[in-house]
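One structure below.
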Amino acid sequence: MKFIKFILIAVFALVIIGYGAWFSIALFYQGFAPLKWPLIAVWGLFAFFCLWGTFKASGRKRSVIGFLIAMVLSLGWWTFGITPELNRAWKPEVAHTVTADIVGSQVTLNNVRNFDWTTSDDFVEKWESRTYDLDQLESIDLIASHWGSEAISHSIMSFGFADGQRIAFSVEIRKEQHESFSTIGGFFKQYELAIIAADENDIIRVRTNARDPIEDVYLYPLKTTAERRKALFMGYIEKANQDAKTPKFYNTITANCTTVVYSLIKVYREIVPFDWRILASGYLPDLLAEMGELNWSKPYGDIRARAAITEKGQSVEVDQSYSVVIRE
């Protein structure tokens, strides 16, 4: 009995330490700005005294009950008090999200981004409406953009049409004017999730030509059928229409650019194995190669070297088509 009692005390102590740390970080990212640090300090002291009380027979019951009540109340605030919003002071590049109107095979995309980027902070802002014929949809490319780690990349899907038009979809963090990216913040409801539709000369070119540092960008053509192409395209716009009405939070692990793409590809392909490379998104092209989904002749060779487009993007002249040159 003493051993069981010791185990229970140890388990509850670990709960206090683990949940106490988690909620301290949650307060850091979501606490009311003027009271953030006082709230964290008060919570830390409360958790410490609950932890101390679990090892004292006289105060153990009060400590356990007190901490459980605090846990329930704080989880209630976290679950119901912090909800995603549609209207905030967004950064210009995510000020709008794409929505679609569908009439037969004709799809009109509203709020297509077509910025002219000089640097990440210097750009000409332009949002457009564009119409596409799904019966003319003939290709899909995966664009993977790396910014420092081979294991992590940002995934963009680009759709090509018979008339030469292309439209790229990207699942983005919807940052507010005062926000910058934080991997940890992405676990704590720091950002909403946005689906952006953009011209390749915007959403890919900003990565190959305008950002500092320049990103390593790769283009992988995918093996498709007409049915699969339409299914994946419709998956994007249906999710975009849904999120435009019911916003969602971005999550670093469960709701990011790659996991959303993975969920959409399951519409595109009946059986998609879950693989660690879904989370380590930089290696997603290797998984696609193993599945035989790259639209290249075999052997593929060095797929990174074959797919690299950053230097091509930087070589585009004023009178040339960015989309054509990066595919040459």
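The values are calculated or read from the model by the stated rules, or taken from the named source; none is laboratory data. Owing to the predicted nature of the structure, the values given are computational and were not obtained by experimental measurement. Here Cβ is always computed from backbone atoms with ideal geometry, including for glycine, and neighbour counts include all displayed protein chains. Just the protein is used for accessible areas: all its heavy atoms, side chains included, with ligands, DNA and RNA removed. Shrake-Rupley method; radii C 1.70, N 1.55, O 1.52, S 1.80 Å.
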- Taking the Cα atoms of the chain, report the difference between the largest and smallest coordinate on each principal axis, in whole Å and largest first. 79, 43, 41
- Of Met234, Met157, Met71, the most mobile residue in a GNM of the chain (C-alpha springs, cutoff 10 Å) is Met71
- the stretch 257-328 - Debye-derived log10 I(q)/I(0), Cα point model, q = 0.28 Å⁻¹: -1.21
- Message: Could you work out [θ]222 nm for the chain from helices alone, using -39500 (n - 2.57) per DSSP H run of at least four and dividing by all its residues? Round to the nearest 500 deg cm²/dmol.
- Response: -12000 deg cm²/dmol
- Over the stretch 1-127, with every protein chain in place, what whole percent of the accessible area is carbon and sulfur at 1.4 Å, could you tell me? 71
- Note on the structure: One checks the Cα atoms of the stretch 197-328 and finds Rg and Dmax, in Å, of 16.1, 45
- Message: For the pair Ser297/Gln320, report the inter-label distance in nm, with labels modelled 7 Å from Cα in the Cβ direction.
- Response: 2.4
- Query: Measuring from centroid to centroid over Cα atoms, what is the spacing of the stretch 194-210 and the stretch 1-31 in Å?
  - Reply: 44
- Query: Ignoring any ligand, DNA or RNA, what whole percent of the accessible area of the stretch 167-211 comes from carbon and sulfur when the probe is 1.4 angstrom?
  - Reply: 43
- Item | Label zone at Leu8 (point 7 Å along Cα-to-Cβ), backbone N below 18 Å, the stretch 58-75 | 58-69
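Between Gln165 and Phe123, what length comes free when the chain is fully extended (0.36 nm per residue of separation minus the Cα-Cα distance, one decimal in nm)?
12.8 nm
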- Item | Reach of Lys91 by Cα under 26 Å, taken over lysines that are not fewer than 8 positions away in the same chain | Lys36, Lys126, Lys175, Lys189, Lys239, Lys245, Lys248
- Can you give the extra length, in nm with one decimal, that the chain gains between Leu45 and Arg327 once fully stretched, where that is 0.36 nm per residue apart less the Cα-Cα distance? 95.6 nm
- Cα pair distances in the stretch 109-198, grouped into 10 Å bins until the bin that holds the longest one, percent each: 13, 38, 36, 13, 1
- Task: Using label points projected 7 Å from each Cα along Cα→Cβ, tell me how many nm separate Asp135 and Ala308, to one decimal.
- Result: 4.3
- Item | Kirkwood Rh in Å, taken over the stretch 65-105 so that all alpha-carbon pairs contribute | 14.2
- Kindly report the accessible area of the chain per residue (heavy atoms of protein chains, probe 1.4 Å, no ligands, DNA or RNA), in Å². 51
- Item | Acute angle (nearest 10 degrees) that the helix 60-76 long axis makes with the longest principal axis of the chain, alpha-carbon atoms | 30
- Task: Loop only per DSSP, at most 13 neighbouring Cβ atoms within 10 Å: give me the chymotrypsin sites (Phe, Trp or Tyr not before Pro) in the stretch 216-295, ordered by residue number.
- Result: Phe274
- Query: Exactly which chymotrypsin sites (Phe, Trp or Tyr not before Pro) in the stretch 46-91 are in a DSSP loop and have at most 14 other Cβ atoms within 10 Å?
  - Reply: Phe55
- Task: Give the Rg/Rh ratio for the stretch 33-120, taking Rg as the radius of gyration of the Cα atoms and Rh as the Kirkwood radius, to two decimals.
- Result: 1.33
- Between Arg60 and Trp22, take the C-beta separation as r, use R0 = 25 Å, and let me know the FRET efficiency to the nearest 0.05. 0.65
- Nitroxide proxy distance, nm - points 7 Å out along Cα→Cβ at Trp276 and Thr108: 4.9
- Item | Alpha-carbon centroids, the stretch 114-178 and the stretch 251-328: separation in whole Å | 13
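Kindly work out what percent of the DSSP beta bridges joining two residues of the chain are antiparallel, to the nearest 5.
95
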- Task: Using a cut-off of under 13 Å, list every residue of the stretch 192-215 whose amide N is near the label point 7 Å from the Cα of Glu179 along the Cα-to-beta-carbon line.
- Result: 192-195
